[in-house]
Amino acid sequence: MKASYFVVGLMVVLLIGNLPASESVTCQPTELSPCSAAIIGGSAPTPQCCTKLNEQKPCLCQYMKDPNLRKYIDSPNAKKVAQICKIPFPKC
């Protein structure tokens with residue numbers, strides 16, 4: 001059930017419009033879908049999750065500014081995933 005809220009939130013953002021891309025990365029929140037089980041359910045992140053999180057690192061502050069995504073990106077589980085994946089959590 002919680003995963004569906006995450007997907008709905010991502011879809012809302014995509015329907016409103018794509019977030020501006022940084023120079024080398026296309027900021028698409030759906031790219032973080034491999035991390036949904038870890039962020040929502042607290043399971044261990046997969047290698048694919050860590051790879052995607054690293055790729056989307058320049059976009060995380062943009063995602064945190066979106067009220068539909070902030071609760072996921074700024075959650076304790078997301079911070080734990082970032083720590084496990086050795087991705088510095090952004091200070092926006």
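The values are calculated or read from the model by the stated rules, or taken from the named source; none is laboratory data. Please read all numbers here as calculations on a predicted model, not as lab measurements. Here Cβ is always computed from backbone atoms with ideal geometry, including for glycine, and neighbour counts include all displayed protein chains. Just the protein is used for accessible areas: all its heavy atoms, side chains included, with ligands, DNA and RNA removed. Shrake-Rupley method; radii C 1.70, N 1.55, O 1.52, S 1.80 Å.
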When you go through (1) open to solvent by 60 Å² or more (accessible area, probe 1.4 Å); (2) part of a helix (DSSP H, G or I); (3) in contact (Cβ under 8 Å) with a residue 24 or more places away in the chain one by one for Lys79, which number turns out not to apply?
-> (3)
When Cys27 is run through (1) assigned to a loop (DSSP other than H, G, I, E, B); (2) open to solvent by 60 Å² or more (accessible area, probe 1.4 Å), the failure sits at (2)
